[in-house]
Amino acid sequence: RKEVEQDPGPFNVPEGATVAFNCTYSNSASQSFFWYRQDCRKEPKLLMSVYSSGNEDGRFTAQLNRASQYISLLIRDSKLSDSATYLCVVERRAGSYQLTFGKGTKLSVIP
Amino acid sequence: EAQVTQNPRYLITVTGKKLTVTCSQNMNHEYMSWYRQDPGLGLRQIYYSMNVEVTDKGDVPEGYKVSRKEKRNFPLILESPSPNQTSLYFCASKRTVQETQYFGPGTRLLVL
């Protein structure tokens, strides 16, 4: 099992749709989890950290299931500006700064 | 403006010619890291530093060196570049383990 695996995509969805991204990780000792967004040929930017209790930021909701070693990101009411590649990121040990990135899932929101 | 800067942004070089990519941050961050991004492989961590004079290997350190002599700078050194080091390189920094990581704009390197 790869350390961090994501849906390969691409996801092509109409404006206003709800889209969900999934990510699994293999190291059960992993402590910190993040979703990043990367626009074409640009640097990744943090979208949100993922907490055990789940967290929401506007149209974005992140969930963590430690038992299944699974992270998700839900985007509601998709906008054209949401088109990007979404990267799942796992920190292997608490405080280690050893980060493993998933390969990313490309999202295209279509008018 | 808080930022991470990298230089150069674009570089074409030849096999074996030593080069350095500089990374500087103006946020007084403790943590700095280098990544490379390749199609189909995603972002992979090369080296990271948790403080001045403290560096450690990431997943793909072979062929690279780093140094952290001062907090703001974290240069990436390729002593003898090879074509398989052709890639997009990102530097990043963050203040503490829990906080957001900020990325530089990237350096596109082509080794002929």
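Things to note:
- Residues of the stretch A:15-47 that are of a type outside the set (Asp, Glu), within 9 Å of another protein chain (Cβ to nearest Cβ) and either more than 15 Å from the chain's Cα centre (by Cα) or within 25 Å of A:PRO111 (Cα to Cα) (or both): A:TYR36, A:GLN38, A:ARG41, A:LYS42, A:PRO44, A:LYS45.
Every residue, every condition in (1) surrounded by 16 or more Cβ atoms within 10 Å (Cβ to Cβ); (2) over 12 Å from the mean Cα position of the chain (by Cα); (3) within 10 Å of chain A (Cβ to nearest Cβ); (4) part of a strand (DSSP E or B), yes or no:
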site	(1), (2), (3), (4)
B:TRP34	yes, no, no, yes
B:GLN37	yes, no, yes, yes
B:GLY40	no, yes, yes, no
B:SER49	yes, no, yes, yes
B:GLU70	no, yes, no, no
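- Of the residues examined, B:SER24 is one that is small (Gly, Ala, Ser), under 15 Å from B:CYS91 (Cα atoms) and either touching a strand residue (DSSP E or B) at 6+ places or on another chain (Cβ under 7 Å) or surrounded by fewer than 18 Cβ atoms within 10 Å (Cβ to Cβ) (or both).
- Residues in the stretch B:89-112 that are within 8 Å of chain A (Cβ to nearest Cβ) and over 21 Å from A:ALA94 (Cα atoms): B:PHE90, B:GLY104, B:PRO105, B:GLY106.
- If the condition is being within 11 Å of the chain's Cα centre (by Cα), within 30 Å of B:GLN6 (Cα to Cα) and not small (Gly, Ala, Ser), then the stretch A:48-100 contributes A:MET48, A:VAL50, A:THR85, A:TYR86, A:LEU87, A:CYS88, A:VAL89, A:VAL90.
- Residue, surrounded by the most Cβ atoms within 10 Å (Cβ to Cβ), within the stretch A:75-96, restricted to residues that are polar (S, T, N, Q) and more than 14 Å from every other protein chain (Cβ to nearest Cβ): A:SER78
- Residue satisfying condition, being within 30 Å of A:GLU5 (Cα to Cα) and touching a helix residue (DSSP H, G or I) at 6+ places or on another chain (Cβ under 9 Å), within set B:TYR64, B:TYR47, B:TYR89, B:TYR102: B:TYR64
- Verdict on B:TYR64 being more than 19 Å from A:LEU87 (Cβ to Cβ), crowded, with 16+ Cβ neighbours inside 10 Å and either in contact with a Cys (Cβ under 9 Å, 6 or more places away or on another chain) or more than 9 Å from every other protein chain (Cβ to nearest Cβ) (or both): yes
- Hey, B:THR5 touching a helix residue (DSSP H, G or I) at 6+ places or on another chain (Cβ under 7 Å) and in contact (Cβ under 8 Å) with a residue 60 or more places away in the chain or not: no
- Scanning the stretch B:1-20 for residues that are assigned to a strand (DSSP E or B) and farther than 16 Å from A:GLU43 by Cα yields B:LEU11, B:ILE12, B:THR13, B:LEU19, B:THR20.
- Pairs with Cβ under 6 Å, 6+ apart, first in the stretch A:89-111 and assigned to a strand (DSSP E or B), second of a type in the set (Asp, Glu): A:LEU99/A:GLU91; A:THR100/A:GLU3; A:THR105/A:ASP7; A:VAL109/A:GLU15; A:VAL109/A:ASP82
- Those residues of the stretch A:73-88 which are farther than 30 Å from B:MET32 by Cβ and assigned to a strand (DSSP E or B), in sequence order: A:LEU74, A:ILE75
- Taken over the stretch B:72-88, the criterion of being more than 14 Å from chain A (Cβ to nearest Cβ), buried (at least 21 other Cβ atoms within 10 Å of the Cβ) and under 28 Å from A:GLY95 (Cβ atoms) is satisfied by B:LEU76 alone.
- Boolean, B:GLY104 is modelled with pLDDT under 95 and closer than 26 Å to A:GLN38 by Cα: no
The values are calculated or read from the model by the stated rules, or taken from the named source; none is laboratory data. All values derive from a computational prediction rather than experimental measurement. Backbone-built Cβ (ideal geometry, glycine too); neighbour counts: all protein chains shown.
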